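Encoded as structure tokens, the structure appears first; notes follow it.
The values are calculated or read from the model by the stated rules, or taken from the named source; none is laboratory data. None of these values were measured; they are calculated from a predicted model. A quick note on method: Cβ atoms are made from the backbone with ideal geometry, for glycine too, and the neighbour counts reach across all protein chains shown. With ligands, DNA and RNA removed, areas are computed over all heavy atoms of the protein, side chains included. Shrake-Rupley method; radii C 1.70, N 1.55, O 1.52, S 1.80 Å.
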Amino acid sequence: MIKSMTGYGIATFDSGTTKYTVELKSLNSKFLELSLRLPKMFSEKEFQLRNDCSKQIERGKVNLSINVEQAGAAPVKAAGIDTALLKNYYAQLKSVSEELNEPASNLLQLALGLPEVVKYDEETVSEDEWKQMEKTFNQAMAAFQQFRSDEGNTLEQDIKYRIEIILKNLKLVEVEEPNRVPVIRERLNSFLAEAAGREGIDQNRLEQELIYYIDKLDITEEKIRLKTHCDYFIETLKNADANGKKLGFISQEIGREINTLGSKANDANIQKLVVGMKEELEKIKEQLLNVL
């Protein structure tokens with residue numbers, strides 16, 4: 001069972017006063033590229049969200065977006081003044097101004113601008129709010145994973161179909177293969193007859209050379225290995241831990257056998273079948289780029 005790296009999931013929850021929306025999108029990538037867009041109130045949860053995404057998504061270029069909408073006007077966050085600190089700053093400034101015999105105007109304004117005097121309430125999230133948002137996140141993640149599984153199933157069916165075409169062409173190669181030897185024999189005989197004449201041909205030597213030549217063009221091993229690799233590819237597709245990288249490695253081995261088969265075929269009909277295999281394999285490789 002394979003999954004696609006393309007995914008989409010969205011979930012919402014509306015409490016009447018607050019609406020949470022969590023959206024996940026992903027495209028294919030060699031690694032996990034995670035981009036988060038969070039409200040400030042959830043910024044302290046970024047590490048946990050990244051950790052959850054890393055465990056569940058594994059690979060892909062992923063965008064996680066969380067949006068919070070408040071019903072009506074958002075409450076105004078008031079600023080607080082540390083009066084003890086303000087008085088301390090003011091007293092020090094006044095003491096220095098008197099010592100230097102400088103005017104004491106605007107000392108209060110200066111004191112208000114000093115560090116930690118004015119404090120603004122940070123946006124925080126309660127435990128109940130976080131639990132509800134986390135539940136919404138998990139719902140979006142479930143929808144996202146289901147989307148990936150559905151897309152993976154579509155990819156799997158297409159890839160299987162193309163492997164079956166390669167195996168079908170391999171069977172047709174086996175049908176064409178017995179016709180090669182008589183054609184090669186006739187071709188060599190004709191060439192030698194034109195070059196040296198029928199009388200000048202040593203038939204024993206010719207047979208020896210023909211056997212050597214045909215042995216060099218033998219494609220039995222390539223056919224066996226190609227069939228084995230295709231069977232292993234299908235077997236891997238069915239595994240629960242099937243992944244795009246492993247399938248990519250197997251497809252490379254399939255490609256090597258197809259190329260060797262084509263280079264040793266020395267037959268126009270077999271070459272056409274090999275070209276068909278290559279076309280299907282290229283389509284498989286394109287699909288594997290999007291497999292998790």
Sites K19 and L114 - FRET efficiency at Förster radius 51 Å, r taken between beta-carbons, to 0.05: 0.80
Flagged links, alpha-carbon separation over 25 Å, of K3/K285; K160/K264; K19/K61; K30/K135; K19/K55; K30/K168: K160/K264; K19/K61; K30/K135; K19/K55; K30/K168
Length added when fully stretched, E99-E164, from 0.36 nm per residue minus Cα-Cα: 13.9 nm
Size of charge dipole - the stretch 1-113 - debye, nearest 20, with Cβ of Lys, Arg +1 and Asp, Glu -1, no other charges: 700 debye
Accessible solvent surface per residue of the chain, calculated while the other protein chains remain in place, 1.4 angstrom probe, Å²: 62 Å²
Share of carbon and sulfur in the accessible heavy-atom surface of the chain [1.4 Å probe, %]: 51 percent
Among T83, Q132, L49 the positive-end extreme of the charge dipole of the stretch 1-157 (Cβ point charges): L49
Rough spin-label spacing in nm, given labels placed 7 Å along Cα→Cβ, for I184 and A84: 9.8 nm
Net length gained if the chain between Q48 and K264 were fully extended (0.36 nm per residue, minus Cα distance): 72.1 nm
The stretch 86-97 - phi-based ³J(HN,Hα) in whole Hz, Karplus 6.51/-1.76/1.60, Gly and Pro as x: 4, 4, 5, 4, 4, 5, 5, 5, 5, 5, 5, 5
Under 12 Å, Cβ to Cβ, from A71 - net charge with Lys/Arg +1 and Asp/Glu -1: -1
